Amino acid sequence: MMHRIILSASVILGILGILVAENPTYVPDATWHAPDTAAARLNPLATRPGAVRGGKKLFLRNCAECHGQDGTGMAKKHSANFYLSVVQEQSDGALFWKITNGNADRGMPSFSKLPELERWQLVLYLRMLNQQPLSSTR
Amino acid sequence: MLKRWIIPLVLCMPAAAFAQESPYFVTYDHHMEEPGNLEIEISSSTDIPRAGQRFYFAPWTEFEYGVTARWTAEVYLEGQSTWRDSTLFTGWRIENRFRALKREHWINPVLYLEYENINEADLIQKEIEGGAPDIRSPNSALRGAKDHELETKLILSSDVHDWNVAGNFIAAKNFSQDEGVEFGYSVGFSHPLATLASGSNCRFCRENFSAGAEAYGGLGSTLNFGLNDTAHYVAPVAAWLVSDNMTLRVSPGFGLTRQSSSMLFRFGLSYEIQGVGDRLARLFKGRP
């Protein structure tokens, strides 16, 4: 009897999981701010522009699924457009913090599984997006 | 009828997704499956037995789905084949992992809840709790004994300077037999072999490899707490990102007690499919 109850609960949990799996409608999260100390951090790869090529590779692997191959965001995912000033005006440290922590409430996972330097490479690549025409990122 | 064919096709449609997995087989860290992604993994445990123990090969298939950024659910299908004995399906399990805190901290707790419906012949040893698994009796004597077990884990995991350190504390209650509450542990650490990504799409460069070690074993039960008659292993672990969506993991485990196998080889190949949740939602809601 007990195992049937547990089995039923597990199945209900699984179905519930699939139903709530969708991302909510994107609205910039006003509460998603990097702490001051994190925002003040400088990109250790800022003087190594060659590292941006690795950043692009990492972006296509990890970010393009939700933010699009060109970083302009995807309407159906309600994901951010990295060309927008609301993104580009943030400090390197703030972007690094957001990549590291994610924003679970809005469906963005944490990417702390990537080594620190690789996360900084992603920041480097996001900066580069703003310095080139859209077509060259495709 | 159409959906009967479409669903498997949609689920099996390959799509690039970053599949770099932690190299652990037993220890869980705090990194969850990405929301909407499905990872399919085929793994196995093979032992080198001590005198009186059986030589077996125990494969399992694992379906891991990222429900949300903080919730990952998994289903396992398990079997085993014993030398000069038989091959059988040994059961299934459903597990859920919930990340307790929204942000990264020094220690990141994850709560784990699992239901197992297996028999005593199950030997994948995805974790070890209580005493040692029976690797001496024939399958015919073990397959009839069912285990309906509820298992919980407290997963504590930390990323420090690109090292991952994780510890799992296990408590399990088998509702089919009076074994009390059984306990177990696993601990592990790992590190990528390179921390800077190259610009090329190389497959054998160091950034695609990570390595470490884990140790795991049983701690007895409320009826017999302690290390008596328990199995313990220490195992180097390694993972290789074969392609953007495929990871290969290997681990040779060394048995530390008489109740452990002499060695326990583990092998796993995982394949990640992105956006499965979106595809299913479109399918059932009829959205474009």
Here are some residues: B:207, B:127. Which one is in contact (Cβ under 8 Å) with a residue 40 or more places away in the chain, among the acidic types (Asp, Glu) and either in contact with a His (Cβ under 7 Å, 6 or more places away or on another chain) or within 21 Å of residue B:251 (Cβ to Cβ) (or both)?
B:127
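Please state which one of B:106, B:92 is over 16 Å from the mean Cα position of the chain (by Cα) and surrounded by fewer than 21 Cβ atoms within 10 Å (Cβ to Cβ). Full working, then the answer.
On the way: B:92 fails: over 16 Å from the mean Cα position of the chain (by Cα).
B:106 is the lone residue from the list that is over 16 Å from the mean Cα position of the chain (by Cα) and surrounded by fewer than 21 Cβ atoms within 10 Å (Cβ to Cβ).
Residue by residue through region A:24-67, note down the ones that are more than 17 Å from residue A:124 (Cα to Cα) and in a loop (DSSP other than H, G, I, E, B). If you could, list the steps in order and put the result at the bottom.
Filtering region A:24-67 for residues more than 17 Å from residue A:124 (Cα to Cα) gives A:24-37, A:65-66.
If the condition is that a residue be more than 17 Å from residue A:124 (Cα to Cα) and in a loop (DSSP other than H, G, I, E, B), then A:24, A:25, A:26, A:27, A:28, A:29, A:30, A:31, A:32, A:33, A:34, A:35 are the ones that fit.
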Residue count for region B:247-288, restricted to those that are over 21 Å from residue B:130 (Cα atoms) and at pLDDT below 95:
17
Out of all the residues in region B:72-89, which are closer than 21 Å to residue B:245 by Cα and surrounded by fewer than 21 Cβ atoms within 10 Å (Cβ to Cβ)?
B:74, B:75
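Being within 14 Å of another protein chain (Cβ to nearest Cβ) and at pLDDT 95 or above: is that true of residue B:211 here? Give the derivation first.
On the way: within 14 Å of another protein chain (Cβ to nearest Cβ): yes; at pLDDT 95 or above: yes.
The answer is yes for residue B:211.
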Answer with yes or no whether residue A:47 is farther than 20 Å from residue B:199 by Cβ and out of contact with any strand residue (DSSP E or B) (no Cβ under 8 Å at 6 or more places or on another chain).
no
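The values are calculated or read from the model by the stated rules, or taken from the named source; none is laboratory data. Just so it is clear, the structure is predicted and the values come from calculations on it, not from any experiment. In this analysis, Cβ positions are derived from the backbone assuming ideal geometry, glycine residues included, and neighbour counts consider all displayed protein chains.
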